[in-house]
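Values in this text are rule-based calculations from the coordinates and carry no lab data. Because the structure is a prediction, the values reported are computed rather than measured. When we count neighbours, we look across all protein chains shown, and the Cβ atoms used for this are built from the backbone with ideal geometry, even at glycine.
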Amino acid sequence: MSSVLIKNGRVIDPANNIDATLDLLIENGKISAVGTALTAPEAEIIDASGLLVTPGLIDMHVHLRDPGLEYKEDIISGTRAAVAGGVTSIACMPNTRPVIDNLAVCRYVISKAQEQGSANVFPIGSITQGLKGEILSEMGELKEGGCVAFSDDGLPVVSSEMMRRALEYADTFDAPIISHAEDLSLVAGGVMNDGPVATDLGLKGIPWVAEDAMTARDIMLAEFTGGRLHMAHVSTKGSVEMVRQAKARGVRVSCEATPHHFTLTDEAVRGYDTNAKMNPPLRAQADVDAIRAGLADGTIDAIATDHAPHHIDEKNVEFAIAMNGIVGLETMLPLTLKLVEEGVIDLQQAIALMSCRPARILGIERGTLGQGAVADITLIDPDLEWELVPEQLYSKSKNSPFAGWKMKGAAFKTLLAGKVVFER
């Protein structure tokens, strides 16, 4: 296989605490050397002057809709959107049709991604069979088959006993249980955050306690069982504080936040914009501030998009009946870089939140530029200014609340195992 030499880039590799102008030599799909003034007569040269060279970004919370809902997104379009956003590895949620609750579906996802995808795809298996909350999935078998974590995302595990057993079972092979924290009895048909904006718009609200009550329960169960818990898409100040305190007590809990929850408030719903409808909903400014503080102090371990593509016909309806969710793979990078520009986190932290830290939670050998590592690499132009035009997104679905936004920073080139899979 050919070799590639990336020269003169600002290499940012949080896993190895590197931030310096360096060269990277890639041979046979792996990083063979990192240093200054590297030479390799046979290598293809990529001049990265003025660019950031980072580990391929990782998004640990993506809905690929494949199998069964390919009209919204599929593995081919979803991984193409990923690499366009600089993301080389994604973990995909199991709420497909059929659900990823058996080996056959797990193998289908992995083999289709390997044969036709542009990025690595790591399936997340369901906690319960058919996402019904009644019988545990065959987690051991799914883990052996390639699943990296377990979640009923999109739905909470209502039964506390079931959640307890899941944490105990998954712990026997050190897999995280990813919780979608939502007390459905408190949601009670709500469609946006409960607060003044919902009152103004005459829409039924979802109170913060719907998330916090379930966050508290799951943290207590993790503390009781000693299992590994990961809280998906934290959106309230209460959830962030509970995770912070649990970590201080030594509970094995981690969590993620989405770019939309640290960028937008429920004000975005005004005008009944269904692209601002998601679950958990966009919250108040105090919640946004708490999430940003949690990113800054390390309480929040990862930035993940909860990329949730929907067909226009599922969004172009009355707000109350519109589907929840937005596409996020192509906007994660600029929205995270905005936090750096605003001084919330530094560049090293930003890249860590999108690379080595999610890799560690999922137990995947990615997210580093160390010698011998797989050469999944993102070259980022931090100064590139562009406007988000939904029609230009690589995703099949265009449901983004950021249409018309001026973005800064984008993937310039994305390499998967040393091979260029995207260039701007």
request  = Would you order V158, V243 from fewest to most other beta-carbon atoms within 10 Å of each residue's own beta-carbon?
outcome  = V158, V243
Footprinting exposure proxy for L393, L353 (fewest neighbouring C-beta atoms within 10 Å first) = L393, L353
ask   = Taking the Cα atoms only, what angle lies between the long axis of helix 160-171 and the longest principal axis of the chain, rounded to 10 degrees?
value = 20
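If you take every DSSP beta bridge fully contained in segment 31-158, what fraction is antiparallel? Give it as a percent rounded to 5. Present the calculation step by step, with values, prior to reporting the outcome.
Values: 1 of 10 bridges.
Roughly 10 percent of the DSSP beta bridges within segment 31-158 come out antiparallel.
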request  = Obtain the nm distance between the two label points defined at E318 and S160 by a simple spin-label model: each point lies 7 Å from its Cα along the Cα-to-C-beta direction.
outcome  = 3.7
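Taking every pair of alpha-carbon atoms in the chain, give the share separated by more than 28 Å as a whole percent. Show your work: numbers first, answer last.
Details: 40590 of 89676 pairs.
Looking at the chain, the distances longer than 28 Å represent 45 percent of pairs.
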key: Exposure proxy order (Cβ contacts within 10 Å, fewest to most) of T199, T263   = T199, T263
request  = Using only Cα atoms, figure out Rg for segment 257-301 and give it as a multiple of 2.2 N^0.38 Å.
outcome  = 1.18
request  = Please report, to two decimal places, log10 I(q)/I(0) for segment 1-105 at q = 0.22 Å⁻¹ as given by the Debye formula with identical point scatterers on the Cα atoms and no solvent.
outcome  = -1.09
key: Compactness of segment 7-55, expressed as Rg and Dmax over alpha-carbon positions, Å   = 10.4, 30
query = What does the charge dipole of segment 323-424 about its Cα centre add up to, to the nearest 20 debye, if the Cβ of each Lys and Arg holds +1 and the Cβ of each Asp and Glu holds -1?
reply = 340
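Run the dipole for segment 141-239 about the Cα centre, Lys and Arg Cβ at +1, Asp and Glu Cβ at -1, nothing else charged, and hand back the magnitude in debye, nearest 20. All intermediate terms of the calculation are to be shown ahead of the outcome.
Details: 7 positive and 16 negative charges, 27 e Å.
Roughly 120 debye for segment 141-239.
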query = Looking at A257, L221, W208, which one has the Cα that reaches farthest to the positive end of the dipole of segment 208-265 (charges on Cβ: Lys, Arg +1; Asp, Glu -1)?
reply = L221
task = Give me the net charge of A417's neighbourhood, meaning all other residues with Cβ under 11 Å from the Cβ of A417; Lys, Arg count +1, Asp, Glu -1.
result = +2
query = Cα axis of helix 75-84 to longest principal axis of the chain: angle in degrees, 0 to 90, nearest 10?
reply = 60
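Antiparallel versus total DSSP beta bridges in the chain: what percent is that, nearest 5? Numbers along the way, then the final one.
Details: 32 of 60 bridges.
Bridges in the chain are about 55 percent antiparallel.
Taking only the alpha-carbon atoms of segment 252-346, what semi-axes of the equivalent ellipsoid follow from 5 times the gyration tensor eigenvalues under a square root, in whole Å, largest first? All intermediate terms of the calculation are to be shown ahead of the outcome.
On the way: eigenvalues 127, 37, 31 Å².
After diagonalising the Cα gyration tensor, the semi-axes are 25, 14, 13 Å.
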request  = Kindly express, to the nearest 10 degrees and within the range 0 to 90, the angle between helix 103-116's C-alpha long axis and the longest C-alpha principal axis of the chain.
outcome  = 40
request  = Work from the charge dipole of the chain (Cβ charges, +1 for Lys and Arg, -1 for Asp and Glu, about the Cα centre) and give the residue of A304, V269, F402 farthest towards its positive end.
outcome  = A304
request  = Evaluate the charge dipole of the chain about its Cα centre and quote only its size in Debye, nearest 20, assuming +1 on the Cβ of each Lys and Arg and -1 on the Cβ of each Asp and Glu.
outcome  = 220
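Given the -39500 (n - 2.57) contribution per DSSP H run of 4+ residues, what per-residue ellipticity at 222 nm results for the chain, rounded to the nearest 500 deg cm²/dmol? Could the numbers behind the result be given before it?
Details: 14 runs with 128 residues, N = 424.
The helix contribution divided over the chain gives -8500 deg cm²/dmol.
Please give me the summed charge of the neighbours of K7: other residues whose Cβ is under 9 Å from its Cβ, Lys and Arg +1, Asp and Glu -1. Show your work: numbers first, answer last.
Working: positive: none; negative: D23, D47.
Result for the neighbourhood of K7: -2.
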query = Among A37, A213, A296, which one moves the most in a GNM of the chain with springs linking Cα atoms closer than 10 Å?
reply = A37
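For segment 318-348, which GluC sites (Glu not before Pro) are in a loop by DSSP, counting at most 15 other Cβ atoms within 10 Å? Don't jump to the answer; show the numbers that get you there.
On the way: sites: E318, E330, E341, E342; in loops: E318, E330, E342.
Counting only loop positions with at most 15 other Cβ atoms within 10 Å, the GluC sites (Glu not before Pro) in segment 318-348 are E318, E342.
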